[in-house]
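The values are calculated or read from the model by the stated rules, or taken from the named source; none is laboratory data. Since the model is a prediction, treat every value here as computed from it, not as a measurement. Please note: Cβ atoms are built from the backbone with ideal geometry, for glycine as well, and neighbour counts cover all protein chains shown. Surface accessibility is based on the protein's heavy atoms, side chains included, excluding ligands, DNA and RNA. Shrake-Rupley method; radii C 1.70, N 1.55, O 1.52, S 1.80 Å.
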Amino acid sequence: MRLCTFREAANAKLGVVVDDAVVDLAEAVPELPRDLAALLAAGPAALSRAAAAASNARRRLPLEGLTLGPPVLRPPKFLAIGLNYADHIAEAGMQKPEVPLFFNKQSTCVVGPSDPIHLPRVSPMLDYEGEMAFVIGRRCRHVPRARAHEVIAGYLVADDVTVRDWQFRVPTWTLGKSFDTHGPLGPWITTPDEAGDPHALEIRTWVNGELRQHSNTRQLVFDCFAQVEHLSTAFTLEPGDVISTGTPAGVGGLANPPRFLAAGDVVRIEIERLGAIENRVVAEPADTVRI
């Protein structure tokens, strides 16, 4: 099943993608929760009802022409991991981490799969990082690696957009990773039965049609299940939490010379079986000043 959030008349609605159309769950099963995190928290029975409704729905909205939002509108937690692809570690000239290197992205950075990315007024060092992410489906703690697949609701495409000078000016990376609009997610969540093996998926990133990143999730140093085990040792994971699994080689900041993003650039990230997101870079608009 592919679960999405779409926008209709300024309202965010939960849907199921079936072929090239979307079933509005609020219309098909009105008693189900209206956002993805709440639907996941409602448990397997709620997901089964959503799947059945999608199969039997008489009315489907054409996917073309719909505006998709981020599948999880405001993740309870948005975590990401650094230096987690062997090829990216090699291009950075660094040692493989002995333990996973996690950092927070603030949930206010989340935008949809076609929303604009802001080039911040305080820095020109804007970079892309094509990544596979996954969403937690069950409240859990101390999850052993062998059972980690049981708490993953599905997989999606992410761009861990980074302001490089803000990232490296201090030991913690949160500020450089959390500017508004710097967390595109989508286009939907693909449940594990449709995603297949999450550790054998092709991942590609293009900038203005030029292929910049091309790797496979088999290159992950710490795979998805190891990440769940590690994180849940420290704190409770909750339905709707998003965990982004790292980027492969080919980021702009490590090119020689560096190739940072500029206004007008278009970043497209595609992952086998999960779909694609495509976001245009725009100058940070004046209306972001709010007092």
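Output the residue which, of all residues in region 59-105 that are surrounded by 15 or more Cβ atoms within 10 Å (Cβ to Cβ) and of a type in the set (K, R), is farthest from A21 (Cα to Cα). It comes out as K105. For region 190-201, the candidate set comprises residues that are touching a residue at least 60 places away in the same chain (Cβ under 8 Å) and charged (D, E, K, R); within that set, the residue that is surrounded by the most Cβ atoms within 10 Å (Cβ to Cβ) is E194. Within region 5-47, being assigned to a strand (DSSP E or B) and of a type in the set (K, R) holds for R7, K13. Looking only at residues in region 243-291 that are more than 17 Å from the chain's Cα centre (by Cα) and of a type in the set (S, T, N, Q), the one that is farthest from P76 (Cα to Cα) is N256. Per the listing L101, L119, the residue uniquely touching a residue at least 60 places away in the same chain (Cβ under 8 Å) and touching a Leu at 6+ places or on another chain (Cβ under 7 Å) is L119.
Determine whether region 239-262 contains at least one residue that is open to solvent by 10 Å² or more (accessible area, probe 1.4 Å), in a loop (DSSP other than H, G, I, E, B) and acidic (D, E). There is no residue in region 239-262 that is open to solvent by 10 Å² or more (accessible area, probe 1.4 Å), in a loop (DSSP other than H, G, I, E, B) and acidic (D, E).
Taken together, A133, A148 contain a single residue that is within 30 Å of A9 (Cα to Cα), at pLDDT 95 or above and not in a loop (DSSP other than H, G, I, E, B), which is A133.
When you look at E91, is it of a type in the set (D, E) and in contact (Cβ under 8 Å) with a residue 40 or more places away in the chain, yes or no? It is true that E91 is of a type in the set (D, E) and in contact (Cβ under 8 Å) with a residue 40 or more places away in the chain. Say whether the condition of being touching a Cys at 6+ places or on another chain (Cβ under 6 Å) and farther than 20 Å from D115 by Cα is met by at least one residue in region 191-201. Looking through region 191-201, at least one residue is touching a Cys at 6+ places or on another chain (Cβ under 6 Å) and farther than 20 Å from D115 by Cα. A single entry from P113, P76 fulfils the requirement of being more than 24 Å from V251 (Cα to Cα), touching a strand residue (DSSP E or B) at 6+ places or on another chain (Cβ under 9 Å) and assigned to a loop (DSSP other than H, G, I, E, B): P76. Against the definition (touching a helix residue (DSSP H, G or I) at 6+ places or on another chain (Cβ under 9 Å), outside any loop (DSSP other than H, G, I, E, B) and aliphatic (A, V, I, L, M)), how does A200 come out, yes or no? Spelling it out, it is not the case that A200 is touching a helix residue (DSSP H, G or I) at 6+ places or on another chain (Cβ under 9 Å), outside any loop (DSSP other than H, G, I, E, B) and aliphatic (A, V, I, L, M).
Restricting region 202-238 to residues that are within 20 Å of F103 (Cβ to Cβ) and free of Cβ contacts under 8 Å to residues at least 40 places away in the same chain leaves a set whose member that is most open to solvent (accessible area, probe 1.4 Å) is A234. For region 82-101, the set of residues classified as under 20 Å from H199 (Cα atoms) and among the small types (G, A, S) consists of G82, A86, A90, listed by residue number. Here are some residues: A133, A146, A153, A158. Which one is farther than 16 Å from K77 by Cα and not aromatic (F, W, Y)? After applying the criteria, what remains is A146. Suppose the filter is touching a residue at least 12 places away in the same chain (Cβ under 8 Å) and either in contact with a strand residue (DSSP E or B) (Cβ under 9 Å, 6 or more places away or on another chain) or not acidic (D, E) (or both); does A45 pass it? No; evaluated as a whole, the condition is false for this residue. Taken residue by residue, region 176-189 has no member that is closer than 28 Å to R145 by Cβ, in contact (Cβ under 8 Å) with a residue 24 or more places away in the chain, among the hydroxyl-bearing types (S, T, Y) and touching a helix residue (DSSP H, G or I) at 6+ places or on another chain (Cβ under 9 Å). Would you say E194 is at pLDDT 95 or above, acidic (D, E) and under 21 Å from N84 (Cα atoms)? No; evaluated as a whole, the condition is false for this residue.
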